[in-house]
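The values are calculated or read from the model by the stated rules, or taken from the named source; none is laboratory data. This one's a predicted model, so the numbers in the text were calculated from it and none came from an experiment. Note that each Cβ is placed from the backbone with ideal geometry, even for glycine, and that neighbours are counted across all protein chains shown.
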Amino acid sequence: MRTSHMKLFFFIFLFHSFLFLVLSSSSRNFPVIPFDEGYSPLFGDHNLIIHSDSKTVHLSLDESSGSGFATHDIYLHGYFSASIKLPSDYTAGVVVAFYLSNGDMYEKNHDEIDFEFLGHIRGKDWRVQTNVYGNGSTHIGREERYGLWFDPSEDFHQYSILWTDTKIIFYVDDVPIREIKKTASMGGDFPSKPMTLYSTIWDASTWATNGGKYKVNYKYAPYIAEFSDFVLHGCAVDPIEHVTNCDSVQTSETVPSDVTQVERNKMDNFRLKHMTYSYCYDKTRYKVPLPECVIDSREAERLIKSDPVTFGNGRHRRGKRHHHQAKEAASF
Ligand SMILES: *[C@@H]1O[C@H](CO)[C@@H](O)[C@H](O)[C@H]1NC(C)=O
């Protein structure tokens, strides 16, 4: 009796492990398409080079122009991914962006989901920023910034955005780095209208590196970003009729958006180790965290230690002296 129970339990355990493996690998197996199939040049055509196999594309920034490409279609939800290799060496002021937007269709109330790579002075790593706007909520920034556990200019790494009707997840390789769950109180701030996927390289001297302190230096141009492994697994929408050929319920099903326990552990570890900024903890901007924020006490503690003025409690006064005192106070 006992042993047969044991066997049954063991069998159920194996079966679950099997299911788990199947489900957790399925979101990564979307087909990779050639550049021409999904994308067209957007600007700076002379700085966009499509390799003959159409699998790899270069975008460059020089004194004359940046460059960019965009999808032919607009999408309501989906999984969007590319492998990107960033320019190396001195890249201050350079921004490479991989993002969804409908700013060209909705001037006043556009949506946006961003991956932005912010260049740096020599010897310092690229910073990654993620951000989300919904229905024109541009006065409410939802930025987060992170370091990476590798040098993104050394090799290709996969950057992905998963967008469903209920959540948004940003991935770096197989690690989810940020999850935004839609809450009722977010209202229109959660992106809800069809968007185009873009990738661009441009001169953001005025803000990208230390708030504009370090500008693009064209002595080191051209700055070249390489792209490959394009995945566009989304619900394409007719741009004129705005008719979808798959509804959002189906999308949620065909694009698995559950974060497994293994992935969640990876995400927690990543955020604890590499997150350098999150609007959810920025007390100088939001006295009360925005409704979708899930406050993690360990994340909070780490950010307060790194920057008590921005993330600490009740220390909003500016000035070097206070900053210094706050730092000392935090290093107990
Ligand atoms: C989005 O913005 C438009 C125009 O400002 C407004 O009419 C609409 O109600 C908003 N939608 C949501 C979901 O908040």
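Scanning the range 137-176 for residues that are of a type in the set (D, E, K, R) and under 11 Å from the mean Cα position of the chain (by Cα) gives Glu143, Glu144, Arg145. Any residue that is hydroxyl-bearing (Ser, Thr, Tyr) and modelled with pLDDT of 95 or more - is there at least one of those in the range 250-259? So far as the range 250-259 goes, no, none of its residues is hydroxyl-bearing (Ser, Thr, Tyr) and modelled with pLDDT of 95 or more. Asp114 meets the conditions (1) within 16 Å of the ligand (Cβ to nearest atom); (2) under 24 Å from Trp207 (Cα atoms); (3) among the charged types (D, E, K, R) in every case but one. The failed one is (1). Inclusion of Ser67 among residues that are in contact with a helix residue (DSSP H, G or I) (Cβ under 6 Å, 6 or more places away or on another chain), under 14 Å from Phe227 (Cα atoms), modelled with pLDDT of 95 or more and not aliphatic (A, V, I, L, M) is warranted.
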